[in-house]
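Visitor: Pasting a structure here, questions to come.
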Amino acid sequence: MTRLFSLFALLLLLASCGKEEQKQPRDTEELPQITMDKSPRPVLPPKPKVRLQDYQFKDLPGWKNDNLLEALDSFKLSCAKIMQEKNTYLSNSELRIPTAAYQLACQRLFAADITTAAEFKYYLESNFLPFLVIADGSDQGKFTSYYEAAINASQIQTALYRYPIYGKPSDLIEFNPKDFDASLPDKRLVGRIVDQKLLPYFTREEIERLQIKAPVILWGDSNIDINIMQIQGSAVATLPDGRTLRVSYADNNGHPFKGIGSILLEKGYLKPGEVSMGNIKKWLAAHPEIAEKEMRENKRFIFHRISSADGPIGAHGVPLHAGRSLAVDRSYIPLGSLIWLETTGPDREKIEKLVVAQDIGSAIKGPVRGDYFWGSGKDDVLEKAGRMNSAGRYFILIPQNRANQP
């Protein structure tokens, strides 16, 4: 098996050498790493050009109006994960905040008996400094929203509940080329072994057509709802007897994601300006035969598991909280870090609040890009979350060493 993976890694290296777009990175000025002083300065990635602008908490829009206490539980959950982290820099993001700096701030959080918004505000102002994130000369980015879907499901297959919801397959394997050769890309790859050969895992169409080696954890009554659940990553399943189960993300088949909205737009089924999750669901439900075919254009398939957590689990490994969790591009923004978000909701209402970077998404790319977790629910939550597509900006809160003990 080791020889097989080594050979595959070598082939990857040889293949990458022949691609014209694979160019050597140009030299860049080495910026100073963040230090444990009053004015920390993170190391930022050379592309795109990113810089941080110092701010004061009193100058953050809406800082005095937010009920900060609503974000306390979310931050405590991420702090517990940060305390276990062994990387030199938080979350191994290119914005290099020393893990030790955040761990010190988290120790102070757990030592403090915070019960009011005023106490949490004092803790934040004593232990952090806000920095506006600016990319390519602009502080503006795109902010969308996602939610925890709702489905109807059964633990047994019936004429009504006939669509399988799969757990992680037993034959799905993953590996990282960098584990075999340090010069190879640091990338998670997914596949399966057939006759001692490593092959890509099945596509969505193949999974739906074949009998794969995966447990069926539930049976759903709507393939459309299951597809939307896969896009959102999780769902609350209502059983025939009224009980509910939380269905969380377990893994994926390793194929690239293509949004159903983009597919319907490309095919002319929806017009520009009509592509919201609510409109998508209505169109799919009204055209079930076409919907089944077009949904298979997205080769990405998500496997799930039953979870007992209080909320959907994000990429940071903690339950997400409505209105307080944000999906980010973790190659720039460290998971677990505090963010002051300034954007607008689907009805142009102001969103100026403290959130925690706790999740990621395949479409969430760039230094100033976020996906706001709206919450859990049925069509009303879907309608709001599906319409959010706003400009905005955010400030990352970085621990300062000379903080007063809260």
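Visitor: Scan (1) over 23 Å from N223 (Cβ atoms); (2) in a loop (DSSP other than H, G, I, E, B); (3) free of Cβ contacts under 8 Å to residues at least 60 places away in the same chain for the single condition K178 breaks and write down its number.
Guide: Going through the list (1) over 23 Å from N223 (Cβ atoms); (2) in a loop (DSSP other than H, G, I, E, B); (3) free of Cβ contacts under 8 Å to residues at least 60 places away in the same chain, K178 breaks only (2).
Visitor: Of all strands (runs of 3 or more DSSP E) completely enclosed by segment 193-243, which ones contain at least 2 residues that are among the aliphatic types (A, V, I, L, M), closer than 21 Å to L172 by Cα and open to solvent by 20 Å² or more (accessible area, probe 1.4 Å)?
Guide: The strands (runs of 3 or more DSSP E) meeting that bar are 197-200, 216-220.
Visitor: While we're on this one: Just the residues that are under 18 Å from I151 (Cα atoms), touching a helix residue (DSSP H, G or I) at 6+ places or on another chain (Cβ under 6 Å) and not hydrophobic (A, V, I, L, M, F, W, C), please, taken from segment 254-308.
Guide: The one that is under 18 Å from I151 (Cα atoms), touching a helix residue (DSSP H, G or I) at 6+ places or on another chain (Cβ under 6 Å) and not hydrophobic (A, V, I, L, M, F, W, C): G278.
Visitor: State all residues of segment 307-317 that are surrounded by 15 or more Cβ atoms within 10 Å (Cβ to Cβ) and either hydrophobic (A, V, I, L, M, F, W, C) or more than 22 Å from I364 (Cα to Cα) (or both); if no residue qualifies, say none.
Guide: Within segment 307-317, S307, I313, A315 meet the criteria.
Residues checked against (1) polar (S, T, N, Q); (2) at pLDDT 95 or above; (3) surrounded by fewer than 21 Cβ atoms within 10 Å (Cβ to Cβ); (4) in contact with a Pro (Cβ under 8 Å, 6 or more places away or on another chain):
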| residue | (1), (2), (3), (4) |
| --- | --- |
| T88 | yes, no, yes, yes |
| Q107 | yes, yes, yes, no |
| F110 | no, yes, yes, no |
| E119 | no, yes, yes, yes |
| L132 | no, yes, yes, no |
| Q140 | yes, yes, yes, no |
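Visitor: Checking G311 against (1) more than 21 Å from K142 (Cβ to Cβ); (2) more than 25 Å from the chain's Cα centre (by Cα), only one condition comes out false. Which one?
Guide: (2)
Visitor: Only one of these conditions is not met by D113: (1) assigned to a loop (DSSP other than H, G, I, E, B); (2) in contact (Cβ under 8 Å) with a residue 60 or more places away in the chain. Which number is it?
Guide: (2)
Visitor: Could you please find all residues in segment 272-306 being among the aromatic types (F, W, Y) and surrounded by fewer than 21 Cβ atoms within 10 Å (Cβ to Cβ)?
Guide: The answer is W283, and nothing else.
Visitor: Separate question: Cβ-Cβ under 7 Å, sequence separation 6+ or interchain: first residue in segment 217-230 and over 17 Å from I313 (Cβ atoms), partner open to solvent by 10 Å² or more (accessible area, probe 1.4 Å) and of a type in the set (D, E). Which pairs?
Guide: Short answer, once both residue conditions are applied: N223/E292.
Visitor: Is it true that F175 is closer than 22 Å to I302 by Cβ, among the aromatic types (F, W, Y) and surrounded by fewer than 18 Cβ atoms within 10 Å (Cβ to Cβ)?
Guide: So F175 fits the description; yes.
Visitor: May I ask you to verify whether S390 is on the phi < 0 side of the Ramachandran plot, in a loop (DSSP other than H, G, I, E, B) and among the polar types (S, T, N, Q)?
Guide: no
Visitor: Please work out which residue is modelled with the lowest pLDDT, limiting yourself to segment 179-192 and to residues that are open to solvent by 90 Å² or more (accessible area, probe 1.4 Å) and out of contact with any helix residue (DSSP H, G or I) (no Cβ under 7 Å at 6 or more places or on another chain).
Guide: That would be R188.
Visitor: Over 17 Å from G336 (Cα atoms) and buried (at least 17 other Cβ atoms within 10 Å of the Cβ): which single residue out of I82, I114 fits that description?
Guide: The conditions single out I114.
Visitor: Can you tell me which of S362, S331 is touching a Phe, Trp or Tyr at 6+ places or on another chain (Cβ under 7 Å), surrounded by fewer than 22 Cβ atoms within 10 Å (Cβ to Cβ) and within 28 Å of M83 (Cα to Cα)?
Guide: S362
The values are calculated or read from the model by the stated rules, or taken from the named source; none is laboratory data. No experiment lies behind these values; they were computed from the predicted model shown. Heads up, the Cβs are rebuilt from the backbone with ideal geometry, glycines too, and the neighbour counts pull from every protein chain shown. For accessibility, only protein heavy atoms count, side chains too; no ligands or nucleic acids. Shrake-Rupley method; radii C 1.70, N 1.55, O 1.52, S 1.80 Å.
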